[in-house]
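The values are calculated or read from the model by the stated rules, or taken from the named source; none is laboratory data. Predicted model only: the values in this text are computed from it and were never measured. Every residue, glycine among them, receives a Cβ derived from its backbone with ideal geometry; neighbour counts consider all protein chains shown.
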Amino acid sequence: MATNAELFERASRSIPGGVNSPVRAFRSVGGTPRFIARAVGPYVWDAEGKRYIDYVGSWGPAILGHAHPDVVRAVQEAAVHGLSFGAPTEAEIELAELLIQRLPSMEQVRLVSSGTEATMTAIRLARGATGRKKIIKFEGCYHGHADSLLVKAGSGLLTFGNPTSAGVPAEFVEHTLVLDYNDLDGVGAAFEEYGEDIACIIVEPVAGNMNLVKPRAGFLEGLRELCTRHGALLIFDEVMTGFRVGPQGVQGLTGIKPDLTTLAKVIGGGMPVGAFGGSADVMRHIAPLGGVYQAGTLSGNPVAVAAGLATMRLIAAPGFYEHLTAQTRKLAEGLQSRARAAGLAFSADAIGGMFGMYFSAHVPASLAEVSAADVNAFKHFFHAMLDRGVHFAPSAFEAGFVSATHDDAVIEETLDAAEAVFKDMKQV
Ligand code: PMP
């Protein structure tokens with residue numbers, strides 16, 4: 001049996017950094033990534049056979065816990081009938097109808113294979129539909145890795161301390177205006193200066209790529225109002241929050257209607273599915289109806305769609321979000337109270353099945369505040385918890401995810417481990 005270290009060494013010879021997505025490499029926390037051999041419910045097992053309680057949840061999709069039997073069965077049944085056709089299927093209609101039914105802001109939706117494709121195309125569509133060039137994004141928000149969105153972005157870029165990617169010519173991002181999250185005055189000023197040129201605002205309506213940062217009261221309402229007044233489109237990037245914070249995403253919690261919504265993660269149930277949608281009036285600009293091009297060999301893939309459909313049906317069960325929210329809150333409140341009892345400056349926050357934890361006295365409201373937290377304390381906590389069999393995201397700039405299978409016993413086991421670690425940390 002190969003160890004994690006042996007696998008990492010071997011992986012690093014054939015794969016850059018040994019991983020196929022940067023944050024997996026543990027670069028900001030140091031040490032060896034765990035190579036996962038299997039996962040069930042709230043647990044993952046690494047190549048050495050060690051079990052962990054998992055709060056990465058595949059970075060969001062695993063809302064039902066890993067390998068839910070109904071989802072696995074749906075995938076197996078779909079696979080038997082063929083893996084990919086490059087022609088339309090009835091299951092795609094069913095998934096589209098389900099999404100439209102759950103998100104009232106959507107009249108039409110196009111399925112893609114990742115969040116990156118969804119956001120990249122939503123931006124193109126906003127520009128195509130308005131005939132304008134400029135876009136507004138916020139510092140610390142991550143919207144996938146399309147060139148024009150890789151400016152002062154979050155997630156892996158923050159983890160590596162380099163929020164703007166090399167390889168993106170300045171000319172490619174000259175129309176991307178980057179503003180501070182939760183700073184409505186800044187957005188107002190941008191519209192004063194560039195109003196007629198601004199095609200859209202793209203925002204994580206609850207940010208999860210600079211740790212968890214919630215919108216201040218009035219922020220999202222203000223974005224809606226400014227977009228409407230200036231003829232720009234409001235894009236809610238709900239790739240992470242969609243069906244994660246509640247049954248209708250952040251738009252359901254706030255009642256704010258974006259012009260376009262991007263989705264991925266939960267809607268694919270662990271398989272590659274993304275989506276973007278909005279009013280029929282905006283969506284008519286997409287090919288083959290309109291001139292804004294978008295396509296995908298594997299878009300609406302039948303096996304992926306089967307996983308998504310099975311997941312979407314299961315999360316519609318009565319009480320699903322009440323339970324998920326309660327479990328997540330128990331975790332966040334339990335972490336905070338135990339850390340503070342140990343005398344540490346620590347805060348935690350939660351919304352639906354998403355949580356943030358910060359080695360700082362207050363819950364942050366911007367990237368600057370998140371960045372001021374104690375990163376070394378996080379590293380210590382992360383590794384000590386990993387040793388005790390609890391796998392959090394390996395970065396202080398990521399949100400955490402709870403699944404419906406994180407029952408009281410799992411949360412208690414986590415909190416017991418955290419209590420011991422917090423007490424040790426205070427003595428260091
Ligand atoms: N938008 C948001 C808000 C995300 O969290 C992510 C991924 N973490 C993306 C877009 C990109 O999605 P993907 O990794 O599926 O391309």
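Restricted to segment 168-193, and to residues that are of a type in the set (Phe, Trp, Tyr) and at pLDDT 95 or above, which residue is surrounded by the most Cβ atoms within 10 Å (Cβ to Cβ)? I'd like the intermediate steps shown before the answer.
The initial filter retains those residues of segment 168-193 that are of a type in the set (Phe, Trp, Tyr), namely 172, 181, 191.
Within this subset, residues satisfying the condition of being at pLDDT 95 or above are 181, 191.
Numbers: TYR181: 27, PHE191: 19.
Looking at residues that are of a type in the set (Phe, Trp, Tyr) and at pLDDT 95 or above, I get TYR181.
The number of residues in segment 194-237 that are crowded, with 24+ Cβ neighbours inside 10 Å, outside any strand (DSSP E or B), in contact (Cβ under 8 Å) with a residue 60 or more places away in the chain and within 16 Å of the ligand (Cβ to nearest atom) comes to 7.
Checked against (1) surrounded by 17 or more Cβ atoms within 10 Å (Cβ to Cβ); (2) in contact (Cβ under 8 Å) with a residue 60 or more places away in the chain; (3) over 24 Å from the mean Cα position of the chain (by Cα), ASP408 passes all but condition (1).
Within segment 110-145, restricting attention to residues that are away from the ligand (no atom under 16 Å from the Cβ) and not polar (S, T, N, Q), which residue is surrounded by the most Cβ atoms within 10 Å (Cβ to Cβ)? Among them, the one singled out is ALA129. Considering GLY60, GLY49, GLY86, GLY17, the condition of being surrounded by fewer than 21 Cβ atoms within 10 Å (Cβ to Cβ) and within 30 Å of LEU111 (Cα to Cα) is satisfied by GLY86 alone.
Being basic (Lys, Arg) and either within 11 Å of the ligand (Cβ to nearest atom) or not in a loop (DSSP other than H, G, I, E, B) (or both) is the filter here; which residues of segment 238-273 pass it?
At the first step, the residues of segment 238-273 found to be basic (Lys, Arg) are 244, 257, 265.
ARG244, LYS265 - these are the residues of segment 238-273 that are basic (Lys, Arg) and either within 11 Å of the ligand (Cβ to nearest atom) or not in a loop (DSSP other than H, G, I, E, B) (or both).
Does ALA11 count as over 19 Å from MET385 (Cβ atoms), of a type outside the set (D, E, K, R) and outside any helix (DSSP H, G or I)? In short, no. Scanning segment 274-290 turns up no residue that is away from the ligand (no atom under 16 Å from the Cβ), under 20 Å from MET354 (Cβ atoms) and assigned to a loop (DSSP other than H, G, I, E, B).
So which of VAL239, VAL266, VAL250 ends up being under 15 Å from the mean Cα position of the chain (by Cα), hydrophobic (A, V, I, L, M, F, W, C) and over 21 Å from GLU92 (Cβ atoms)?
Answer to the selection: VAL250.
Of the strands (runs of 3 or more DSSP E) lying entirely inside segment 51-161, the ones with 2 or more residues being in contact with a strand residue (DSSP E or B) (Cβ under 6 Å, 6 or more places away or on another chain) and not assigned by TED's automatic domain parsing to the domain that holds ALA37 are found at 108-112, 134-138.
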